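Notes to accompany the following structure.
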Amino acid sequence: MKNEHLVIIGAGVAGVNAATKLVDNNYTGKITIIDMGNDPFKRKPEEVMTGFLGAGGWSDGKLTYHTSIGGHLSKYCGEDKAMELFDYVIDNFKRFHPKPEEVKCSNPVKEPDFIKPYFGLRLFPVWHIGTDYLHEIGKNWYNHLIDNGVEFLWNTKVTDVNFDLELVYGENISSGIMKYDKLIFGVGKSGIDFGKQLAEKYTLPTEPKPVQIGVRFEAPQKHFQKLIDISYDFKLYKKFENVSLRSFCTNNNAAYVAVEDTYGNHSYNGHAKKDKAYRNDMTNFGILMEIRGIDKPFDWSRKAVKKLQCSGTGTYYSPSNRIPSQTSEGDFVRCVVVESMDPLFEALGKENAQYIEDFIKDMTKVFPTLKDDWGIYMPEVKYLSPEPLVNYKDLSLTEHPNVYFVGDALSARGITVSGAQGTYVAESIL
């Protein structure tokens, strides 16, 4: 282990937690982390997709605390072990937090009766880290890893990996090649295409994942307050034969819509500020639709997203002519205003788009003051490439036991699950 070289592709939550677990337990090998983005001291707030702590760890301060949300970690390691790994990730966010006493856990337990006729409501604990503190957490965390000998290559795009020769190829790598003994592949959302290419190149056995696409819904918070009082990050859901819908990543009080640039197309997400100075009394959340049974779901999602682009960005619709909101930096959210939901119907197909429209109509029944006082940013999308089949004991590839897939590359859909997967791999290496 002393002369072992561990290379981690991706400085997101999965890779960072893996490195932290290793250095905290006196791992004597060399650790190199490669990322396309910037370190936390140079990374700008609007650089959402790449850089230290990845997309979620840089822009979303809510850590879900339940194994049924964000990916099925417990199928690999069991329920008790999954929760132990979650605790480690959450403790790290507290550990590097400038004000750890402000980290709180909400744990709603009862579904209100007014929801039941129209929606299910998933209730689970959530740790609220605070978006305002994520950048300071990142700096403190990064310094800890640097102080413990972890080496980083920033603004470096990995172009290929040779699993047989154990080589990483990339821009800004000395001689263009880096040798590894073990490799953690945690590329995140921005590297899903790359992961898909490697899976095809090595004919890795994979499990296809369903389409996850929808819209980012925004409205004044007052309309949802009676539910927010029960569950801050509420999860409304509906389930049909081949389709299910859920609200996702709810932001309140100081809630802002964010543009994500992936593969040259715009989609939308959201975040919330903790500082009262940013309060805008708005709520936003995704309405995500999971569609099963679509051939080549990744390609289908890409085509749908392209259809929702207009003049180089995404689209926005409001039945009451609400104007797009402002970002936390004071700029208007980049989008093109359209006069109807027709683009959504064209992109997703009539039947699929109707599910989203019906979801919104049912919300107006549950929250009667809502009426037409809302807007939607189109699209919101979660690109899920086919999930590589891995060894349950350590998340290594079945044909390449020194290569480990983690985070979005293994279909994790959340900060806590991604970090837990990285930690699980690190424990196996130790």
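Determine whether residue 84 is open to solvent by 10 Å² or more (accessible area, probe 1.4 Å), modelled with pLDDT of 95 or more and closer than 22 Å to residue 391 by Cα. Answer is yes for this residue. Condition first: within 23 Å of residue 363 (Cβ to Cβ), open to solvent by less than 10 Å² (accessible area, probe 1.4 Å), at pLDDT below 95 and assigned to a helix (DSSP H, G or I). Can you find one or more residues in the range 220-228 that meet it? Yes, there is a match, as at least one residue in the range 220-228 is within 23 Å of residue 363 (Cβ to Cβ), open to solvent by less than 10 Å² (accessible area, probe 1.4 Å), at pLDDT below 95 and assigned to a helix (DSSP H, G or I). Scanning the range 25-54 for residues that are open to solvent by 20 Å² or more (accessible area, probe 1.4 Å), under 26 Å from residue 82 (Cβ atoms) and in contact (Cβ under 8 Å) with a residue 24 or more places away in the chain returns 25, 27.
Within the range 349-386, the set of residues being in contact with a helix residue (DSSP H, G or I) (Cβ under 6 Å, 6 or more places away or on another chain), surrounded by 15 or more Cβ atoms within 10 Å (Cβ to Cβ) and not small (Gly, Ala, Ser) comprises 367, 370, 378, 379, 381, 383.
Comparison of 180, 256, 232, 202 shows that the only residue that is closer than 30 Å to residue 310 by Cβ, touching a residue at least 12 places away in the same chain (Cβ under 8 Å) and among the hydroxyl-bearing types (Ser, Thr, Tyr) is 256.
Per this entry, residue 320 is counted among residues that are open to solvent by 40 Å² or more (accessible area, probe 1.4 Å) and of a type in the set (Gly, Ala, Ser). Here is a list of conditions, (1) open to solvent by 10 Å² or more (accessible area, probe 1.4 Å); (2) over 20 Å from residue 261 (Cα atoms), and residue 189 meets all of them except one; can you say which number that is? Result: residue 189 passes all but (2). Within the range 139-153, if we keep just the residues that are in contact with a strand residue (DSSP E or B) (Cβ under 6 Å, 6 or more places away or on another chain) and open to solvent by less than 60 Å² (accessible area, probe 1.4 Å), the residue that is nearest to residue 26 (Cα to Cα) turns out to be 150. The residues of the range 408-422 that are polar (S, T, N, Q) and either surrounded by fewer than 24 Cβ atoms within 10 Å (Cβ to Cβ) or closer than 14 Å to residue 390 by Cβ (or both), listed by number, are 411, 421.
In the condition set (1) open to solvent by 50 Å² or more (accessible area, probe 1.4 Å); (2) more than 24 Å from the chain's Cα centre (by Cα), residue 331 is compliant with all but (2). Just one of the numbered conditions (1) over 30 Å from residue 322 (Cα atoms); (2) within 13 Å of the chain's Cα centre (by Cα) is not true of residue 382: (1).
For every residue, the table says whether it meets (1) within 19 Å of residue 248 (Cα to Cα); (2) polar (S, T, N, Q); (3) more than 24 Å from the chain's Cα centre (by Cα).
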residue	(1), (2), (3)
282	yes, no, no
287	yes, no, no
290	yes, no, no
295	no, no, no
303	no, no, no
311	no, yes, yes
338	no, no, yes
349	no, no, yes
364	yes, yes, yes
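Has the range 126-138 got at least one residue that is farther than 25 Å from residue 39 by Cβ, loosely packed, with under 14 Cβ neighbours inside 10 Å and touching a residue at least 60 places away in the same chain (Cβ under 8 Å)? Among the residues of the range 126-138, not one is farther than 25 Å from residue 39 by Cβ, loosely packed, with under 14 Cβ neighbours inside 10 Å and touching a residue at least 60 places away in the same chain (Cβ under 8 Å), which makes the answer no.
The values are calculated or read from the model by the stated rules, or taken from the named source; none is laboratory data. Note that the structure is a prediction, hence the values are computed from the model and not measured. Quick reminder, even Gly has a Cβ in these numbers, built from the backbone with ideal geometry, and neighbours come from all protein chains shown. Surface accessibility is based on the protein's heavy atoms, side chains included, excluding ligands, DNA and RNA. Shrake-Rupley method; radii C 1.70, N 1.55, O 1.52, S 1.80 Å.
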